[in-house]
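Encoded as structure tokens, the structure appears first; notes follow it.
The values are calculated or read from the model by the stated rules, or taken from the named source; none is laboratory data. Everything numeric here is computed off the predicted structure, so don't read it as measured data. Don't worry about glycine lacking a Cβ; one is built from the backbone with ideal geometry, like all the others, and counts go over all protein chains shown. For the accessible areas, the whole protein counts, side chains as well, though only heavy atoms, and no ligand, DNA or RNA atoms are used. Shrake-Rupley method; radii C 1.70, N 1.55, O 1.52, S 1.80 Å.
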Amino acid sequence: MATTPGAPAEQRDHEAARERIEALRGEIHAHDYRYYIEAQPVIGDSQYDALMQELRALEERFPDLVSPDSPTQRVAGTPAEAFPVVEHREPMLSLSNVFNRDELLAWRQRMARLLERDELRYVCEPKIDGLAISLIYEGGRFVRGATRGDGMRGEEITANLRTIRSIPLVLNADPATLPAAFEVRGEIYMSKGEFARLNAERAAAGDQLYMNPRNTAAGSLRQLDPQKTAARRLDLFAYQLGWVEGERPLDAHHDAIRWLRELGFPTNPHTEAFERIEDVAAFCEAWVDRRDALDYDIDGVVVKVDDFAAQRALGVVGREPRWATAWKFPAEQAVTRLREIQVSVGRTGVLTPFAALEPVFVGGVTVSMATLHNADHLRELDIRAGDYVIVQRAGDVIPQVVGPVLARREDGLVPFEMPSHCPVCGTEVAKDPEEAAYYCPNRTCPVKVARQIEHFASRGAMDLEGFGEERSAMLVERGFVSSVADLYRLPDRRADLLEVDKIGEKTLDTLFAGLERSKQQPLHRLLIALGIRHVGGETARALARHFGSMPALRAATVEEIEAVDGVGPIVAEAVRAHLDDPAYAAVIDDLASLGLRMDEEIAARGGVLDGLSIVVTGSLERWSRNQVEDLIKSLGGKVSGAVSKKTSFVVAGNGGGSKRDKAETLGVEILDQSAFVARLAELGWADQT
Ligand code: IVH
């Protein structure tokens, strides 16, 4: 190790740490490259995590050695108020379009005429359906990144871009061999897999689903809090070398792409060069069918003239370069007959119209059902049962009905009307004025209850096996359960259950054992299972961590709930509304009395009132006596009925004479409600606002 023998120990430590830190960063960087660029990792996740862990520990010990391009700093940014606007040194252009072979040939003819030459070389790349960004590197390090914006000015989103693991923070080259500064352009996208994962999470939380990967990627990238960007996996394909300070090192686009790849940028593996325009056309056409096999959306093929000198000579018209064009795919649409408009009822009771179609092949799959969004959408477009309709696969995920083919409408078709009564239980339908949604207000509507049970039992929730769609529906239909709490009473109905087809002793033993086990699920699982609107895994975990127990959460005000990290006003309102709803409150009480655990980590939590003995006297305004006692217990405190020298403090409301006097005599601290709340806050309970 290169340390001076006589240097003080501290300095030697520092020097050793610096060397180790650099070695670790180099190693992690190399593994990132193997993982993200070459897709050939050579170590497992846990080994990788161990390297990160060691680096993090060293940086914690020597904070002066932290640098913004350390792999530990990908998620270190703090939330921004707004994004600063930055001017692009060179405008970020758009592309002209061609839709077929003839238009492609015409584009080529124009270039050949202007350049007065016939031979050109083309590079073709999938046109990624994401967001264009500009990345700036100085001395081989990522220093700044921005969105395309209007092409002239974009928003600086460096902190968010740092969270994207496939964006290299340090380049794979000796900085001395690189231009002092240069720009790389590329497309940020969300894979179809990541999009599906996110939506599954949202579905489980009862949240509205995202439309398509592109919009979701755009939303993620523009989060003011980089933590939020980091929570969703985004990716990059670099597709262009932008401005370069000093001499431009290369002569052609394909060289630039190869160079970018060597430096550590992910470039699209389906990039191909051609000499003949017919081959370009064949390549583009082939992608119409190949696109479905990709794990990301593409909306065409970009064709570029390879030679930089030719690019310069051709120049730009308006906002579009003459030297590149986008072969756009025809929209993936098909016409079929809408057999029937059906209405489904979800877990929250919302009625959703959907189309039962004569099966049709569109965008690589056979579609027989499609979303119609909501009743307003249906009415606006006047889609009628029996119509021929245009079906589209939006973002290649959820098929949707675009509209009717009016020219083919037959006589006698009537406009759609939302049923006035729930198609399942017959209860009169209500309308939510804010959400343009119709819903079944009946709490015991069998579909709703069955869906709630299914959700309650699902993997991220109480994790009960054997309560899938079919069995949940059966249990509700036959009157075994009318709320999730009834599940825990099923063991009392053993004999009746054995009468049911397909249920034997063994099945029941398994079901009941699962139920018994699930009573020990921590609070956050229960919160997920209850299906509170907007509360998915992450929110549930944050609430459980913060409040520690169901009674503490139930005693919290909207403001206190909103003060939890990651919980906004809408979520806080939804949580409060759920807990205040008498029917839901009864279910929670019921579950508690059936023996379900109502707190998070008992041992590890270390409640803020651990070891304290507290006496409550008089009446408080904010909590009932029971509530405040529950709260104290849930925070680890002991509630005692009498004041003694061992009493830590007395919480005194209005009234409460003798215990207050006793405390005064013994010199025990007395807190009124607001002092008590302030003390809890001091001890690290809810942030009081
Ligand atoms: S080249 C002047 N290459 O398409 C060159 N663009 O309609 C302009 N895009 O804003 C960009 N994949 O967001 C290029 N392989 C690719 C692309 C690509 C997607 C997007 C990009 C741009 C838009 C232009």
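Observations
- Subset tally (residues that are small (Gly, Ala, Ser), more than 11 Å from the ligand (Cβ to nearest atom) and open to solvent by less than 20 Å² (accessible area, probe 1.4 Å)) for segment 122-153: 3
- Within segment 511-562, being open to solvent by 10 Å² or more (accessible area, probe 1.4 Å), hydroxyl-bearing (Ser, Thr, Tyr) and not in a helix (DSSP H, G or I) holds for one residue alone: THR557.
- For segment 7-55, a tally of residues being open to solvent by less than 50 Å² (accessible area, probe 1.4 Å), within 20 Å of LEU169 (Cβ to Cβ), out of contact with any Lys or Arg (no Cβ under 9 Å at 6 or more places or on another chain) and not in a helix (DSSP H, G or I) returns 0.
- Condition broken by GLU194, with the remaining ones in (1) within 12 Å of the ligand (Cβ to nearest atom); (2) open to solvent by 20 Å² or more (accessible area, probe 1.4 Å); (3) farther than 19 Å from ARG144 by Cα satisfied: (1)
- Every residue from segment 314-328 that is within 9 Å of the ligand (Cβ to nearest atom) and aromatic (Phe, Trp, Tyr): TRP323
- Looking across LEU209, LEU250, one residue alone is more than 16 Å from the ligand (Cβ to nearest atom) and touching a Lys or Arg at 6+ places or on another chain (Cβ under 7 Å). It is LEU209.
- Of residues in segment 563-574 being touching a His at 6+ places or on another chain (Cβ under 8 Å) and part of a helix (DSSP H, G or I), the one most open to solvent (accessible area, probe 1.4 Å): ILE570
- Residues of segment 197-218 that are closer than 28 Å to LEU135 by Cβ and under 10 Å from the mean Cα position of the chain (by Cα): ARG197, LEU198, TYR210, THR216, ALA217.
- Residue list for segment 292-313, restricted to those being more than 10 Å from the ligand (Cβ to nearest atom) and within 30 Å of the chain's Cα centre (by Cα): ASP292, ALA293, LEU294, ASP295, TYR296, ASP297
- Candidate set from segment 435-463 (those that are of a type in the set (S, T, N, Q) and under 19 Å from VAL535 (Cβ atoms)); member that is nearest to the chain's Cα centre (by Cα): SER458
- Of everything listed in (1) of a type outside the set (Phe, Trp, Tyr); (2) within 14 Å of the ligand (Cβ to nearest atom); (3) surrounded by 16 or more Cβ atoms within 10 Å (Cβ to Cβ); (4) at pLDDT below 95, the single unmet condition for ASN97 is (3).
- Consider segment 154-175 and keep the residues that are open to solvent by 10 Å² or more (accessible area, probe 1.4 Å) and over 20 Å from ASP32 (Cα atoms). The one that is nearest to the ligand (Cβ to nearest atom) is GLU155.
- Within segment 310-336, restricting attention to residues that are of a type in the set (Lys, Arg) and out of contact with any Leu (no Cβ under 7 Å at 6 or more places or on another chain), the residue that is least open to solvent (accessible area, probe 1.4 Å) is LYS328.
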